[in-house]
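Below: the structure, in structure tokens.
The values are calculated or read from the model by the stated rules, or taken from the named source; none is laboratory data. Just so it is clear, the structure is predicted and the values come from calculations on it, not from any experiment. Cβ: placed from backbone, ideal geometry, glycine included. Neighbour counts: every protein chain shown.
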Amino acid sequence: MKPTPTTYVLVHGAWHGGWCWSHVAERLRAAGHHVYTPTLTGLGERSHLLSPAIGLDTFVEDVCNVLTWEDLRDVVLVGHSFGGLAVAGAADRMPERIRCLIFLDAFLLPPNTSAFDTLPAELVEKFEHGAAATGGIAPPRPTSLGLAAPEDIAFVQGRLTPHPIGTYREPLRLAHPMGNGLPVSYWQCTTPPFPAVHASRDWAWQTFGAQWDWKDLACGHDAMVAAPGLVVDALVQSAR
């Protein structure tokens, strides 16, 4: 007897788009699951919408609108890297549609804190200066995202797009504690570790500790590209 299909909504991080989940989505769909990989406003195939007016609230609405317009329920909601903030906001507003929340090597913020609040002033100035013309923060090198295989670097290299700077300026606003009472997991990528999310993980551990489930994945930060099989196995196990 086939297992009951699970509905996954997989949300990408900064500079990426729904495209980055393609290897994971293909495997999950082949196993009979339902998979949605929305692209956040201003990124990927929606990069023509890039604007300084795009903020964190825009990203949260992007995720909530997928849940609403696709009429999704009992969802395993996953946020990778900066996408952790988008799914945290969606869970704050629509917990009744979500089975569990997974933060995949995610960047998280305390409520009413912006990403720029956590960065050195000189780095904020650099980002602001670089985004003055386009409204976007320039993407990093794929190797800095934990990618080493030439085919993975090539897959990502031409697809990364500038990230809306307004999402770094706007604080995370939640009406409830992060996770909003849902089962929450935080998965840390360890091989190699991604220093940019260490402070987020440490804050989450100090704040929520044993209330959340914690898992290490032996892969780099862009796990869905470099280790899709590992991510799929973890997703299926978590859904059970």
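Before moving on, here are some points about what is shown:
- All positions within the range 53-93 that are without any contact (Cβ under 8 Å) to a residue 40 or more places away in the chain and touching a Gly at 6+ places or on another chain (Cβ under 9 Å): 60, 61, 64, 90
- Residues that are more than 15 Å from residue 196 (Cα to Cα) and among the charged types (D, E, K, R), drawn from the range 113-151: 122, 125, 126, 128, 151
- Just one of (1) assigned to a loop (DSSP other than H, G, I, E, B); (2) under 26 Å from residue 3 (Cβ atoms); (3) of a type outside the set (D, E, K, R) fails for residue 236. It is (1).
- Residue that is nearest to the chain's Cα centre (by Cα) [pool: residues in the range 10-32 that are without any contact (Cβ under 8 Å) to a residue 60 or more places away in the chain and surrounded by 18 or more Cβ atoms within 10 Å (Cβ to Cβ)]: 18
- Qualifying residue in the range 61-74 (condition: surrounded by fewer than 23 Cβ atoms within 10 Å (Cβ to Cβ), hydrophobic (A, V, I, L, M, F, W, C) and touching a Cys at 6+ places or on another chain (Cβ under 9 Å)): no
- Residues that are in a helix (DSSP H, G or I) and either under 19 Å from the mean Cα position of the chain (by Cα) or buried (at least 18 other Cβ atoms within 10 Å of the Cβ) (or both) are absent from the range 130-141 altogether.
- Test: residue in the range 168-184 that is of a type in the set (Asp, Glu) and under 21 Å from residue 15 (Cβ atoms): yes
- Every residue from the range 80-118 that is surrounded by fewer than 24 Cβ atoms within 10 Å (Cβ to Cβ), in contact with a Phe, Trp or Tyr (Cβ under 7 Å, 6 or more places away or on another chain) and of a type in the set (A, V, I, L, M): 108, 115
- Check on residue 182, within 16 Å of the chain's Cα centre (by Cα) and either under 24 Å from residue 116 (Cβ atoms) or not acidic (Asp, Glu) (or both): no
- Only one entry in 127, 116, 155 is modelled with pLDDT under 95 and in contact with a helix residue (DSSP H, G or I) (Cβ under 7 Å, 6 or more places away or on another chain), namely 127.
- Within the range 142-163, the set of residues being closer than 18 Å to residue 24 by Cβ and exposed (fewer than 11 other Cβ atoms within 10 Å of the Cβ) comprises just one member, 151.
To keep it simple, each residue is scored yes or no on (1) touching a Ser or Thr at 6+ places or on another chain (Cβ under 9 Å); (2) at pLDDT 95 or above.
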{"position": "4", "(1), (2)": "no, no"}
{"position": "9", "(1), (2)": "yes, yes"}
{"position": "19", "(1), (2)": "yes, yes"}
{"position": "42", "(1), (2)": "yes, yes"}
{"position": "64", "(1), (2)": "no, yes"}
